[in-house]
Amino acid sequence: MKQLSWGIATLLLAQFLLSACTSQPTATPTPVITGPKIRVGVDASLPPFEFEGSAPDEVVGFDVDLIKEIAARAGLQIELVKVGYNTLMPFVVRCDLDAGISAIPAADWAGQPVDFSDPYYSTGLVVLVKQGNITITGRDALTGMTVGTQAGSLGQTILTQDRSIQSISYDNFFLTVQQLAGGHIDAVLADRPRAQSFVDIKRNDLKIVGDDFGQVDYAIATCRQKPELKTKINTGLAQVKEDGTLEKLARQWKVVLKP
């Protein structure tokens, strides 16, 4: 009888432990990181997307946190490489870098030998002018003006379609703004965050006028020789969007996501 009672007690204990285990929430498995580090280029000059941190060679910002979250979900081990924006995309095109994230407008690089992830942020174009300019009040006031933009950008496409505007394209956005600040052109077309980053530099003496127009989608550039990397990044990005992490990061870094 004692043996029978002990057996029943053991069985009940086992059932209790099994019930306790199965009632606990299932933890999200940590992705297995395999293969070499993925070298991701970042340009630390566009707050709040990416900018210099307090520690030496540290880069922080919305894009930086985003790529880390994507990598964690995709099982990727990443190494951030700080480069200038003008060299970032050529490095990815040549596969000297595996990927790049720095508020990169995907449409600006259409036709280039590089892949892009799904978009993670959308914004509009704006008109950038000198502070003292009271003539140009927005896109509709550009007739007869000399307007600069970056070569290959959506801004250039829009300008070349309007023959009432004298458009000039430059190899990079920094040179475009430099021409505006120096008084060599009347205005610049650019995506809002990039334009705002130069407005925030007081010595440039610039302002944004008028409403946003068009749509610019930011995406993560990847080496075309590694199509599996694009797939993994898209998988991680989809999870970041679905579980609310993207919105959380946007609130943290005060980045406005379009609905």
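So P119 fits all but one of (1) part of a loop (DSSP other than H, G, I, E, B); (2) modelled with pLDDT under 95; what number is the exception? That leaves (2) as the condition not met.
Starting from segment 211-222, keep only residues that are of a type in the set (S, T, Y), then list their pairs with residues that are open to solvent by 50 Å² or more (accessible area, probe 1.4 Å) whose Cβ atoms are within a distance under 6 Å, requiring at least 6 positions of separation or different chains. Hits for this filter: T222/K230.
Among the residues of this structure, A71 counts as one that is under 24 Å from T245 (Cβ atoms), open to solvent by less than 60 Å² (accessible area, probe 1.4 Å) and either in contact with a Lys or Arg (Cβ under 6 Å, 6 or more places away or on another chain) or assigned to a helix (DSSP H, G or I) (or both).
If you go through segment 92-143 and keep only what is open to solvent by 60 Å² or more (accessible area, probe 1.4 Å), in contact with a Ser or Thr (Cβ under 8 Å, 6 or more places away or on another chain) and not hydrophobic (A, V, I, L, M, F, W, C), you end up with just T143. Residues that are under 20 Å from P90 (Cα atoms), part of a loop (DSSP other than H, G, I, E, B) and of a type in the set (A, V, I, L, M) within segment 34-68 comprise just one, A44. Listed conditions (1) over 25 Å from K258 (Cα atoms); (2) assigned to a helix (DSSP H, G or I); (3) not β-branched (V, I, T) are all met by D96, apart from (2). Of the residues making up segment 241-257, those that are out of contact with any Phe, Trp or Tyr (no Cβ under 8 Å at 6 or more places or on another chain) and either over 27 Å from V126 (Cα atoms) or modelled with pLDDT under 95 (or both) number 6.
Pick from segment 48-68 the residues that are open to solvent by 50 Å² or more (accessible area, probe 1.4 Å), modelled with pLDDT of 90 or more and over 24 Å from V114 (Cα atoms): which of them is farthest from the chain's Cα centre (by Cα)? Explain how you work it out, then say what you get.
Residues of segment 48-68 that are open to solvent by 50 Å² or more (accessible area, probe 1.4 Å), as a first pass: 51-52, 54, 56-58, 68.
Adding the requirement that they be modelled with pLDDT of 90 or more leaves 51-52, 54, 58, 68.
Then drop every residue that is not over 24 Å from V114 (Cα atoms), which leaves 51-52, 54, 58.
Working: F51: 13, E52: 16, S54: 21, E58: 17 Å.
Selected residue: S54.
Scanning segment 230-259 for residues that are open to solvent by less than 70 Å² (accessible area, probe 1.4 Å) and under 18 Å from G61 (Cα atoms) yields a total of 10. Among residues of segment 135-150 that are of a type outside the set (V, I, T), those with a Cβ under 6 angstrom from a residue that is assigned to a loop (DSSP other than H, G, I, E, B), sequence gap 6+ or separate chain, pair up as L142/I165; M145/D186; G148/I185.
The values are calculated or read from the model by the stated rules, or taken from the named source; none is laboratory data. Small disclaimer: the values here were computed from a predicted structure and weren't measured. Virtual Cβ from ideal backbone geometry, glycine too; neighbours counted across all protein chains shown. The accessibility values were calculated without ligands, DNA or RNA, using every heavy atom of the protein model including side chains. Shrake-Rupley method; radii C 1.70, N 1.55, O 1.52, S 1.80 Å.
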